[in-house]
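The values are calculated or read from the model by the stated rules, or taken from the named source; none is laboratory data. Small disclaimer: the values here were computed from a predicted structure and weren't measured. Using ideal geometry, Cβ is built from the backbone for each residue, glycine included, and neighbour counts are taken over all protein chains shown. Surface areas here come from the heavy atoms of the whole protein model, side chains and all, with no ligands, DNA or RNA. Shrake-Rupley method; radii C 1.70, N 1.55, O 1.52, S 1.80 Å.
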Amino acid sequence: MKKISFPMHCLLLLLISLGIAVPAADAPVLRVAYAGSMGVVMDQSLGPAFAKAHDARFEGVGQGSFALARLLAGRQMQADVFVAITPPPMKVVRDAGLAERAVPVASTRMVVIYGPKSRYAKDFEAAAKGSKTWYDVLRQPGLRIGRTDPAVDPQGANALLTLQLAGTYYHQPKLLEQVAGELQNPQQIFAEPSLMSRLEAGQIDAAVGYASAAFSHHLPTIDLPDEINLAQPSMQDAWYAKASLTLADGKLLKAQPLVFYAAVLADAKQPQLAADFVRLLQSAEGQAMLRERGYDPPHGEAL
């Protein structure tokens, strides 16, 4: 029998005294690789609820969906469940023989997110009320914009595609270049899990990102028209399909509605727990947790 150190024993007693459930040391472990923007809802809502209900341990890894998909496909990472945004990352694991089916579990939309500590906060507040244009605020000299690497994270790609669509919608042909600079501008690119924290701390002023991530971190936002917010499948042919960009390595970025998909992976060590977790995501209980964190209902069919 595995011995428990004295400090750990004291910690366990404290948790039990507080009424916090402590899984047994030999409890099964569910490993979930998820889009990094889902960190709050996974680690603070869905993961703990699932662990308690199944007397299991929840281990989550949040990164850019493409980065995770490549790690999983290359067998450099093992997980039981993969939750990604938009179909392309799921295609990577499917082509690697790791997933036969992925189901939609949530959706979100693109918004302008700004930091309450930003020296431009008043300008963004005015833009939210319609007395200024949000893209004029973003174009101000000295404003610090944050985004993720479009080569590895769909949120970073979608930020660029949204700006490209906005340039068309508002008849501002140089908007993308003026706001983002180079497509992989190193001065703007940060790891996805840190992006909202940097906004909260005032290290950056604004980002074009997911409404669900902003809501989870209680950050203020500016809504964007349906034609550019990537939220409406009905807009795909008329608007979103107009947006495409090619990175320096030749990778083609295309705009698609922002739907989160979940799949049980073929090499799951806990296939039953994995299936149960996906069912939780689809259930009324799971959907309520997602809704409480700012996610919209899922759109579309299974992949």
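Out of curiosity, is residue 294 on the phi > 0 side of the Ramachandran plot, open to solvent by 50 Å² or more (accessible area, probe 1.4 Å), touching a residue at least 40 places away in the same chain (Cβ under 8 Å) and of a type in the set (Gly, Ala, Ser)? When the stated conditions are applied, residue 294 does not pass them. Looking only at residues in region 187-226 that are touching a residue at least 40 places away in the same chain (Cβ under 8 Å) and of a type in the set (Asp, Glu), the one that is surrounded by the most Cβ atoms within 10 Å (Cβ to Cβ) is 192. Close Cβ contacts (under 7 Å, 6 or more residues apart or on different chains) running from residues in region 125-143 that are in contact (Cβ under 8 Å) with a residue 12 or more places away in the chain to residues that are of a type in the set (Phe, Trp, Tyr) and assigned to a loop (DSSP other than H, G, I, E, B) comprise 135/170; 137/120; 140/120; 143/120. Scanning region 254-280 for residues that are part of a loop (DSSP other than H, G, I, E, B) and more than 17 Å from the chain's Cα centre (by Cα) turns up 265, 266, 267, 268, 269, 270.
One residue stands out in region 53-70 among those that are open to solvent by 50 Å² or more (accessible area, probe 1.4 Å) and within 19 Å of the chain's Cα centre (by Cα): the one that is nearest to residue 153 (Cα to Cα), namely 63.
Checked against (1) of a type outside the set (Phe, Trp, Tyr); (2) assigned to a loop (DSSP other than H, G, I, E, B); (3) open to solvent by 50 Å² or more (accessible area, probe 1.4 Å); (4) closer than 21 Å to residue 80 by Cβ, residue 301 meets all criteria but (4). The number of residues in region 120-167 that are open to solvent by 10 Å² or more (accessible area, probe 1.4 Å), part of a loop (DSSP other than H, G, I, E, B), among the hydroxyl-bearing types (Ser, Thr, Tyr) and within 26 Å of residue 254 (Cα to Cα) comes to 1.
Scanning region 135-177 for residues being in contact with a strand residue (DSSP E or B) (Cβ under 8 Å, 6 or more places away or on another chain) and of a type in the set (Phe, Trp, Tyr) gives a total of 0. Of all residues in region 227-243, those satisfying the criterion of being charged (D, E, K, R) and either buried (at least 20 other Cβ atoms within 10 Å of the Cβ) or assigned to a loop (DSSP other than H, G, I, E, B) (or both) are 227, 237. Within region 86-108, the set of residues being buried (at least 23 other Cβ atoms within 10 Å of the Cβ) and farther than 16 Å from residue 301 by Cβ comprises 89, 93, 108. One residue alone among 230, 247, 258, 252 is without any contact (Cβ under 8 Å) to a residue 60 or more places away in the chain, closer than 17 Å to residue 157 by Cα and touching a Leu at 6+ places or on another chain (Cβ under 9 Å), and that residue is 252.
Of the residues that make up region 173-183, is at least one under 21 Å from the mean Cα position of the chain (by Cα) and free of Cβ contacts under 8 Å to residues at least 40 places away in the same chain?
Yes, that holds for at least one residue.
Is it fair to say residue 133 is of a type in the set (Ser, Thr, Tyr) and either more than 25 Å from residue 235 (Cβ to Cβ) or more than 23 Å from the chain's Cα centre (by Cα) (or both)? In short, yes.
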